[in-house]
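Everything on this sheet refers to the single structure shown next.
The values are calculated or read from the model by the stated rules, or taken from the named source; none is laboratory data. In this text the structure is predicted, and so the values were computed from the model without any measurement. A quick note on method: Cβ atoms are made from the backbone with ideal geometry, for glycine too, and the neighbour counts reach across all protein chains shown. The accessibility values were calculated without ligands, DNA or RNA, using every heavy atom of the protein model including side chains. Shrake-Rupley method; radii C 1.70, N 1.55, O 1.52, S 1.80 Å.
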Amino acid sequence: MTSKFEFPDGFRLLPEYFSRAAQEKLLENVRHGVGIAPLYRAVMPRTGQPLSVRGSNFGPLGWISEKAGYRYSPSHPVTNKPWPVLPDILLELWNAVSGWPEPPEACLINYYDAKARLGLHVDADENAKHAPIVSVSLGATALYRLGGHARDNPTRSLRLSSGDVVVLGGDARRCYHGIDRIYPDTSTLLPKSGRINLTMRVVGRA
Ligand code: MD3
Ligand code: FE
């Protein structure tokens, strides 16, 4: 019996990469970062419909979604100040698992409350199409869906738990993915079944 879904080349899940103590340290860094660059509610381009996920960034560039479109910006869309620097723990993670010679330029911070979702999409706003994305999950467990290169390709659902790291290189980098739901009361790291996802990206020049 074979399933129609095959894991794309370059997809790597590292369950519980971070210990509880390391997750707490990372969370402290995120709290410091969002103290400087507050989580804001992004809106969908054109429609202005708010996303349920709230976002901020670390690094010289940050991914933002506004009415005018999606883009990488050197400053926060509300405060207009530069994003805080990438914490050392995250740079060390990148160096340990990405296999990429350059550091990430952006680290998107996504915050999910218990009701938040993220629809199926491809991350395609980076010019560095071959650089991997490295993701860290903190807090409540999420139901994550990974598909193929076309929206209607078969998908596979996986749970991402606190401390898990995912490396998306090669083919996986161009696959559809999203977050279908958050499972309440699955972690004591964050209050109220909150979840944080950190994704490091190389943006590259246009
Ligand atoms: C698979 N974040 O920030 S992380 C995103 O949990 C995003 O917040 C999700 O999708 C989250 O864009 C999923 C894992 C992830 C990130 C990028 C990918 C999976 C990916 C790019 C290609 C394929
Ligand atoms: Fe994505």
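Tabulated data
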{"item": "Residues satisfying the stated conditions in segment 59-96, i.e. open to solvent by 10 Å² or more (accessible area, probe 1.4 Å), of a type in the set (A, V, I, L, M, F, W, C) and outside any strand (DSSP E or B)", "result": "Ala68, Val78, Trp83, Val85, Leu86, Ile89, Leu91, Ala96"}
{"item": "Residue that is within 10 Å of ligand 1 (Cβ to nearest atom) and open to solvent by 50 Å² or more (accessible area, probe 1.4 Å), where the choices are Asp185, Asp123, Asp152, Asp171", "result": "Asp171"}
{"item": "Residues located in segment 104-120, provided they are open to solvent by 50 Å² or more (accessible area, probe 1.4 Å), closer than 20 Å to Arg174 by Cα and more than 14 Å from ligand 2 (Cβ to nearest atom)", "result": "Glu105"}
{"item": "Filter result for Gly194 (more than 17 Å from His130 (Cβ to Cβ) and either polar (S, T, N, Q) or away from ligand 2 (no atom under 14 Å from the Cβ) (or both))", "result": "yes"}
{"item": "Flag if Leu160 is open to solvent by 20 Å² or more (accessible area, probe 1.4 Å), within 16 Å of the chain's Cα centre (by Cα) and at pLDDT 95 or above", "result": "no"}
{"item": "Single residue of Ser162, Ser137 found to be closer than 26 Å to Asn29 by Cα and not in a strand (DSSP E or B)", "result": "Ser162"}
